[in-house]
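Laboratory data are not the source of any read-out in this text; all were calculated from the coordinates shown. Model, not experiment: these values are computed from the prediction. Heads up, the Cβs are rebuilt from the backbone with ideal geometry, glycines too, and the neighbour counts pull from every protein chain shown.
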Amino acid sequence: MSGNNGKSAARFHRREVQQIMVKNARKAKIIDKIVSIFAIMCVILAVIPLTSILIEVIKNGIAAFNWDFLTGRPSAIGRAGGGVGPAIQGTLIVVGLATMIGAPIGILTGIYLSEFAGGGPFPNGVRFFNEVMTGLPSVVMGIVGYILIVINIGSFSVWAGAFSLSIIMIPIVSRVTEETLKIVPNSIREAGFALGIAKWKITLFITFKSAISGILTGVVLAIARIAGETAPLIMTILGTSLFFTGFNNPVDALPLRIWRLSSQPYESAQTQAWGAALLLILMVLALSVALRLLAQRRGFSVRAEI
Amino acid sequence: MEDILSAKEISSDTSETTRRIREEPRRRSKVSIKGVNAWFGSKQALKNINLEIEENTATAFMGPSGCGKTTLIRCLNRMHEMTPGAKAKGQVILDGIDIYDKSIDPVIIKRRIGMVFQKPNPFPTMSIFDNVAAGLKLNGIKDKKLIREIVEESLEGAGLWEEVKNELDKPGMGLSGGQQQRLCIARALAMQPEILLMDEPTSALDPLASSKIEELVHKLKKDLTIIIVTHNMQQAARVADRAAFMYLGEMIEYGFTKQIFQNPEQELTERFVSGKFG
Amino acid sequence: MLILVAFAVGEGALPIFSAEGFQFVIRTDWNAVYGRESFGALPYIIGTLLSSAIAMAIGVPISLGIAIFVTEMASHRISTPLSFVVELLAAVPSIIYGLWALFVFRFWVRDLIERPLYEHLNWIPFFDKTPFGLDIFTAGIVLSIMIIPIISSITREILLVVPNSQREAAYSLGATRWGTLKTAIFPYAKSGILGASFLGLGRAIGETILVTMIIGNAIGPAAIPTTLFSQGQSLASLIANEFNEAASDLHLSALIGLGAILLLLSMIINIGARFMVSRMVKVVPGGRE
């Protein structure tokens with residue numbers, strides 16, 4: 001401090017600065033109000049279409065519901081009646097098969113990354129590519145399924161669809177698995193080590209057991225995601241109006257059926273599309289709600305989108 | 001500091017602690033805390049606090065952790081209520097204006113009262129210069145020359161100028177912990193505050209850095225009123241003119257630091273200052 | 001696995017690139033008739049980028065607003081259910097957005113936004129086309145609706161990571177809520193928010209079925225948009241439209257070639273996004289002692 005000089009300068013600044021600040025306070029307040037209103041507008045703007053989606057799907061979807069719709073085969077194009085039975089069956093089969101392929105691989109990858117791999121360049125590379133994979137367009141996965149399976153088998157098939165969906169599933173499952181396992185306190189593992197148990201046994205019986213509901217969460221999350229996929233199914237299972245005829249043959253799926261129905265110019269088809277959409281949304285949302293309740297109870301959060 | 005409070009102004013309050021201080025020569029009252037209560041959710045953190053804080057003094061709030069000293073200091077610039085679920089009631093009168101009055105904008109209050117936190121929290125993306133200038137820019141001051149002058153003066157005031165004058169455009173996060181804390185003090189000083197609240201400003205620092213902050217307190221109280229929260233009794237004894245001892249949300253004793261340490265009235269205070277608990 | 005994906009797509013796309021070379025990327029015609037085949041991807045690259053750009057221009061500010069509302073403004077009683085709903089909506093399959101857009105929303109867009117713009121502002125070339133509702137503009141808007149839940153929920157988590165001490169620092173300097181956002185929160189969360197937006201962009205670029213349903217599905221040079229209200233086509237939507245009707249191996253390979261371009265685009269975006277999000281995590285303060 002430069003003695004008296006500095007002090008009087010400070011006094012001068014104090015007055016000047018305070019005056020400017022008081023003058024600017026009104027302006028700052030107005031800007032603040034505008035920003036607050038903007039944020040609220042954003043919420044409203046986003047909520048309108050999203051509410052509309054739910055209302056329309058429920059309103060139009062319920063009209064389509066009857067026994068025939070749930071169990072019957074699609075009628076010929078342009079004719080009323082018929083149902084989406086094969087699509088429901090197909091979705092269950094393809095998603096089920098994809099889960100049987102994808103879940104174990106995803107879980108094993110996650111276990112490897114969290115328990116055995118540590119932080120070297122290879123595991124980090126796997127982690128990184130895993131993350132990138134989750135962001136890749138699903139249509140590309142469909143192409144992969146087409147090239148690797150459809151061309152080799154020579155036919156659009158359940159296998160190809162399940163394969164494509166499982167590629168989408170694996171990174172999601174492995175990431176959630178890794179994160180849940182990381183939450184398991186080290187003391188539990190150390191207790192095991194102290195008893196002289198082999199590492200793989202500890203992983204399997206102790207760590208895995210305490211993390212099981214978290215891993216389950218990851219699997220359910222991935223199922224909810226792939227159940228709604230449409231694009232990869234176009235080039236793998238193709239879609240058909242028949243019930244399941246074999247793993248090497250085309251099947252139908254709900255999202256695919258919605259797409260086909262929506263492109264028909266007949267009102268009966270469109271009604272059925274809404275009905276199928278309601279079915280699909282119920283399936284996916286039921287899975288998500290269950291999953292979030294599960295996650296909340298466990299005290300960690302999961303994200304649906306990455 | 002020549003202004004002496006007329007007895008009338010405080011005569012309304014006849015509590016024991018206030019009576020004691022009234023006997024001493026007085027500076028002008030800067031802040032008077034009247035009946036302040038504060039809650040976190042349903043848990044009461046402060047119970048009916050009454051206190052007069054005088055201009056150009058350093059006042060220390062001390063007590064064991066959880067006694068409400070941090071809550072009290074955060075009530076003085078209405079920072080307390082920014083915590084979700086927290087609320088405060090009562091009057092805090094700053095130069096005759098109740099800052100809890102409905103017509104008062106809490107934003108304006110914070111412009112007059114600077115605050116320094118437990119852990120140094122400079123803005124990590126900003127340079128040293130921008131950190132100090134942040135408050136000025138926030139409040140619409142655009143005059144580059146004025147900003148530069150104030151930044152230099154504030155850094156000087158915080159005893160940091162000599163150390164950083166050649167690296168003002170380097171990131172503030174590159175400084176050591178003690179320097180960061182002084183940077184935060186400079187950032188608060190740039191706002192030309194009348195009061196500086198310091199919430200355990202040395203708890204994250206080593207002894208050497210702490211002693212620099214303590215020196216600063218001595219220097220700064222010539223120009224402003226300082227209120228410092230500390231759990232460190234020696235620190236309170238070194239820096240404060242007045243000390244308040246709090247326990248479980250209540251103000252146990254308030255008076256001259258010397259008196260609190262050498263001849264406390266309350267047994268609880270004596271046990272605390274003699275290190276028997278806390 | 002990523003290598004497997006890249007390899008498979010690369011192999012499938014090989015014929016078209018060997019037949020057309022780099023021309024494939026910059027040509028505009030698309031002719032699948034046997035014997036006169038020629039394929040160019042440019043219109044669809046433009047369509048993809050334009051519809052995604054519209055989606056970002058609308059989606060990012062709105063997502064940011066929502067995230068700000070949820071983290072900085074709303075009380076717990078409002079923000080918890082709101083973010084719950086937003087996360088649920090992120091799980092709604094895109095086919096449902098597509099169905100709704102095709103039968104409900106496109107009429108809103110046509111009557112409430114496009115018509116007025118056309119009638120009053122048709123001297124601006126962007127708007128000079130009788131709107132139909134199935135076009136690049138609608139596709140962009142619906143894409144933005146789809147990515148809003150995604151971007152806003154990630155942005156929300158990123159804002160939650162910003163330490164409270166930063167907020168308090170700004171508030172203690174007499175900042176308003178906006179001042180705090182501008183001074184303390186945005187600089188801290190900038191790269192994270194950017195990364196979240198890029199993840200949204202990745203989704204918008206790769207989104208297939210929704211775009212197929214509403215973008216208008218133009219082909220060849222006609223798919224180069226001259227106005228915002230032109231019918232267009234994106235890479236992904238053309239793949240979905242023609243994959244099952246590919247007339248020849250070269251046609252199929254051309255479609256897979258589109259897939260390869262798409263893969264490359266989205267990989268770049270995703271890697272960029274991850275990089276930025278991870279950089280954000282590294283800026284966490286601590287300082288040297």
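Annotations
- Simple spin-label estimate for residue B:118 and residue A:245 in nanometres, 7 Å along Cα-Cβ: 7.1 nm
- Neighbourhood net charge (10 Å Cβ-Cβ; Lys/Arg +1, Asp/Glu -1) for residue C:179: +2
- Least to most buried among A:45, C:201 (fewest other Cβ within 10 Å first): A:45, C:201
- Measuring r between the beta carbons of residue C:103 and residue C:53 and using R0 = 45 Å, the FRET efficiency lands at 0.95.
- Tilt relative to chain C, helix C:42-68 - C-alpha long axis, 0 to 90 degrees, to 10: 20 degrees
- Nitroxide proxy distance, nm - points 7 Å out along Cα→Cβ at residue A:22 and residue A:92: 7.6 nm
- Here the relative contact order of the stretch B:7-273, from alpha carbon pairs under 8 Å that lie six or more residues apart, stands at 26 percent.
- Three-way shape label, the stretch C:1-148, alpha-carbon gyration tensor, a/c 1.5: oblate
- Whether the stretch C:91-181 is rounded, prolate or oblate, judged on the alpha carbon gyration tensor where a/c under 1.5 counts as rounded: oblate
- Förster-model FRET efficiency, 45 Å R0, residue A:100 and residue C:119, C-beta, rounded to 0.05: 0.20
- When the charge dipole of the stretch C:148-256 is built from unit charges on Cβ atoms (+1 for Lys and Arg, -1 for Asp and Glu) and taken about the Cα centre, the candidate among C:155, C:180, C:236 whose Cα reaches farthest toward its positive end is C:180.
- Inter-centroid distance (Cα atoms) of the stretch C:104-158 relative to the stretch B:262-278, Å: 71 Å
- Sorted by Cβ neighbour density within 10 Å, fewest at the top, the residues C:234, A:157: A:157, C:234
- Taking Lys and Arg as +1 and Asp and Glu as -1, the other residues whose beta-carbon sits under 9 Å from that of residue B:81 total +3.
- Computed [θ] at 222 nm, deg cm²/dmol, the protein assembly as shown (DSSP H ≥ 4; -39,500 (n - 2.57); rounded to nearest 500): -18500 deg cm²/dmol
- Paramagnetic reach from residue A:59 (point 7 Å along Cα→Cβ, amide N under 20 Å) across the stretch C:118-157: C:142
- Less than 5 angstrom separates the built amide H of residue B:90 from those of B:37, all sequence-distant by 5 or more or on a different chain.
- Qualifying lysines (Cα of each under 24 Å from Cα of residue A:199; at least 8 residues distant if same chain): A:182, A:209
- When each of B:202, B:125, A:271 is scored by the number of other beta-carbon atoms lying within 10 Å, the sequence from fewest to most is A:271, B:125, B:202.
- Degrees between helix A:158-183 axis and first principal axis of chain A (Cα, 0 to 90, nearest 10): 30 degrees
- Look at where the Cα atoms of the stretch C:178-248 and of the stretch A:189-220 average out, and the two centres are 42 Å apart.
- Prolate/oblate/rounded call for chain A, Cα gyration tensor, a/c under 1.5 rounded: oblate
- Summing charges over all other residues whose Cβ lies under 12 Å from the Cβ of residue C:16, with Lys and Arg as +1 and Asp and Glu as -1, gives -3.
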